[in-house]
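Taking it in order: structure first as structure tokens, then the write-up.
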Amino acid sequence: MDLSSAQALSAKAVQELTNDYDAAFDLHIKAAEAYLYLARTLTGSANANAKAACNAAAGRALECAEQIKKVKKDVRPVGADPYSAPEQAYVLEKSAVVNGLRFPAWAESDASSGSEQDVPYW
């Protein structure tokens, strides 16, 4: 998930607001999730402004979703996609502690750079 796709979701949600409240509500929620995922992945002081901007955009998307919810009382709930990157990151984070030991997740480059000879065999 990158910033351009989150912005595209947000723009599509605003356009959909004129046609279908359910679809607009769903898109606003997904845009907020995308912005929050981006804010969580940005680290360091250099990304502080971008992180704040993502959090603010997520707040605006949630505010729009709340407004839709006030206008249309019977908005259908948004289902979570268990295969989305934010959901997978959440599951990995929550399952990283086993028997009191923390096992941090590794980056894709770490997993692909090693070979089977690098792994010790006991």
Of everything in the stretch 64-98, what is among the aromatic types (Phe, Trp, Tyr) and not in a loop (DSSP other than H, G, I, E, B)? Give them in sequence order. TYR90
Condition first: among the hydroxyl-bearing types (Ser, Thr, Tyr) and over 23 Å from ALA105 (Cα atoms). Can you find one or more residues in the stretch 5-14 that meet it? yes
Can you confirm whether LYS94 is under 30 Å from VAL14 (Cβ atoms), at pLDDT 80 or above and either surrounded by fewer than 10 Cβ atoms within 10 Å (Cβ to Cβ) or among the charged types (D, E, K, R) (or both)? no
Take ALA53 and decide whether it is without any contact (Cβ under 8 Å) to a residue 24 or more places away in the chain and touching a Pro at 6+ places or on another chain (Cβ under 7 Å). no
Here are ALA24, ALA48, ALA56: which of them is at pLDDT 90 or above, assigned to a helix (DSSP H, G or I) and not aromatic (Phe, Trp, Tyr)? ALA56
Among residues belonging to the stretch 27-45 that are β-branched (Val, Ile, Thr) and assigned to a helix (DSSP H, G or I), point out the one that is modelled with the highest pLDDT. ILE29
Condition met for LEU62 (surrounded by fewer than 21 Cβ atoms within 10 Å (Cβ to Cβ), over 10 Å from the mean Cα position of the chain (by Cα) and within 18 Å of SER84 (Cβ to Cβ)): yes
Quick one: ASP74 ticks every box in (1) surrounded by 14 or more Cβ atoms within 10 Å (Cβ to Cβ); (2) more than 30 Å from TRP106 (Cβ to Cβ); (3) among the charged types (D, E, K, R) except a single one, so which number is it? (1)
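The values are calculated or read from the model by the stated rules, or taken from the named source; none is laboratory data. None of these values were measured; they are calculated from a predicted model. Note that we place each Cβ from the backbone using ideal geometry, even for glycine, and neighbour counts take in every protein chain shown.
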